[in-house]
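I have placed the structure first, in the form of structure tokens, so that the comments after it can refer back to it.
The values are calculated or read from the model by the stated rules, or taken from the named source; none is laboratory data. Everything numeric here is computed off the predicted structure, so don't read it as measured data. With ideal geometry, Cβ positions are generated from the backbone for all residues, glycine too; neighbour counts draw on all protein chains shown. Surface areas here come from the heavy atoms of the whole protein model, side chains and all, with no ligands, DNA or RNA. Shrake-Rupley method; radii C 1.70, N 1.55, O 1.52, S 1.80 Å.
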Amino acid sequence: MNRALGALTCGAFLSFGLGVLGAGEPVLALVLAAVFALLATAGFAWVGGRLRWGVVYVVVQLPLAFVLFTMDAGVGATLFLVVLVSQCVLLRLPRPAIALVIAVIPLVHLGMSLGDGLREGIGTLMSVLFAAIITELLLREQRSRAELADAHAKLRDYTAQAERLATAQERNRVARDIHDGLGHSLTVVQMQVKAARAVLPTDPRKADEVLAKAQDQAETALSEVRRSVKALREPRPVPPLPEALKALAETAGIAVRLTVSGTERPLPDEQREALFRAAQEGLTNVRKHAGADQADVDLAYTASAVRVAVRDDGAGSDGTASTGFGLIGLRERAGHLGGTLTFTSASGRGSALSMEIPG
């Protein structure tokens, strides 16, 4: 826009110069026109968006344009006025100030007869008013383009943030699945191999039975890995939660008593998976740390929630909750679903882990 006004100013100066030279006007008119053109180009660029200097600029240029118009009321002088009005809009002067400049400009025709003055004044008024409107529309378009570019940049940033967040969430989910699934199975295999080695010298048959169970559990772990890999590619069918907990209890490696209370109902896959992993992690901790003879798994359906609790009669601890990866993952699952996870332990009185999820 500034370049276009600069070109228009140069054209106005050329037209004005030809007019005054052809009419034999004094050289002073050409000098004043050069001053106006210099201020309208270099001076306007220096003023920039500084409102105070913008007001000074208009106060200087407006009387100068009037003087030039009285010297040669031709096309060049009229174009100077058009340039000045457009620059008032670009300087973002208050609208009342711009309206005042536009209203004053037709007064350059006061020296004419009433009829000629009205005719020429209305024509000049329409010219500068049109220039002001076009300049304002161009400014709005520039602002819209800038806002659109800024919105696109923010959208790209938000998209990148969403991708990073989705990647982090998926990485955490895979880490939880590996810990809760494969970790559980490998813990069982480890305990069974230790038991087999302990009885191998004295009771090879018993050792063989235990190793057979370890083999079954290793195959289960392998199936779990395959299931996780498959889950990354396509949805998988899942059994109802009571059936899954029953199968888990049968392969726990210790005596497990499963209790189901309330009216059973189907659950979304994510809720069902979280509750199953809570029971799995609870039984894994029982085998690894509790030294318990028996564990209880309670599945309770209430009107607004579903709860899984794992309790044991083992050694317990001093009441400080574990901060291992298993409980961290379970807390993430519960928090994501709007549920809660609690873990309590008392020395000599066993431990209890419970997850409750709305559903």
When the residues of region 170-197 are narrowed to those that are at pLDDT 70 or above and within 27 Å of the chain's Cα centre (by Cα), which ends up most open to solvent (accessible area, probe 1.4 Å)? Arg171
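Could you list, in sequence order, all residues of region 60-97 that are in a helix (DSSP H, G or I), farther than 16 Å from Leu32 by Cβ and either among the hydroxyl-bearing types (Ser, Thr, Tyr) or within 53 Å of the chain's Cα centre (by Cα) (or both)?
The initial filter retains those residues of region 60-97 that are in a helix (DSSP H, G or I), namely 60-71, 75-90, 95-97.
Narrowing the set further to residues that are farther than 16 Å from Leu32 by Cβ leaves 75, 82, 85-90, 95-97.
Within region 60-97, Val82, Val85, Ser86, Gln87, Cys88, Val89, Leu90, Arg95, Pro96, Ala97 meet the criteria.
Condition check ((1) modelled with pLDDT of 85 or more; (2) among the small types (Gly, Ala, Ser); (3) under 21 Å from Ala4 (Cα atoms)) across all residues:
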{"position": "Leu93", "(1), (2), (3)": "yes, no, yes"}
{"position": "Leu100", "(1), (2), (3)": "yes, no, no"}
{"position": "Met112", "(1), (2), (3)": "no, no, no"}
{"position": "Gly115", "(1), (2), (3)": "no, yes, no"}
Matching residues in region 259-300 (closer than 16 Å to Gly314 by Cβ, open to solvent by 20 Å² or more (accessible area, probe 1.4 Å) and of a type outside the set (Lys, Arg)) number 6
Under the condition of being surrounded by fewer than 18 Cβ atoms within 10 Å (Cβ to Cβ) and closer than 20 Å to Gly314 by Cβ, which residue from region 335-350 is modelled with the highest pLDDT? Thr342
Pairs needed: first member in region 328-351, among the β-branched types (Val, Ile, Thr); second member anywhere, exposed (fewer than 14 other Cβ atoms within 10 Å of the Cβ); C-beta distance under 9 Å; at least 6 residues apart or different chains. Thr344/Gly319
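Okay, residues lined up against (1) in a loop (DSSP other than H, G, I, E, B); (2) touching a helix residue (DSSP H, G or I) at 6+ places or on another chain (Cβ under 8 Å); (3) at pLDDT below 85:
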| position | (1), (2), (3) |
| --- | --- |
| Val306 | no, yes, no |
| Asp318 | yes, no, yes |
| Gly329 | no, yes, yes |
| Arg333 | no, yes, no |
| Ala352 | no, no, no |
Looking at (1) surrounded by fewer than 19 Cβ atoms within 10 Å (Cβ to Cβ); (2) under 15 Å from Leu81 (Cβ atoms); (3) touching a residue at least 60 places away in the same chain (Cβ under 8 Å), find the lone condition where Asn2 falls short. (2)
Take the conditions touching a helix residue (DSSP H, G or I) at 6+ places or on another chain (Cβ under 6 Å) and at pLDDT below 85 and apply them to Gly121. Does it pass? yes
Considering (1) within 54 Å of the chain's Cα centre (by Cα); (2) farther than 17 Å from Arg92 by Cβ; (3) open to solvent by 20 Å² or more (accessible area, probe 1.4 Å), say which one Val27 fails and leave the rest. (1)
Could you tell me how many of the residues in region 57-77 are in contact with a helix residue (DSSP H, G or I) (Cβ under 8 Å, 6 or more places away or on another chain) and open to solvent by 40 Å² or more (accessible area, probe 1.4 Å)? 7
Within region 243-255, is even one residue at pLDDT below 80, open to solvent by less than 70 Å² (accessible area, probe 1.4 Å), farther than 30 Å from Ala198 by Cβ and not hydrophobic (A, V, I, L, M, F, W, C)? no
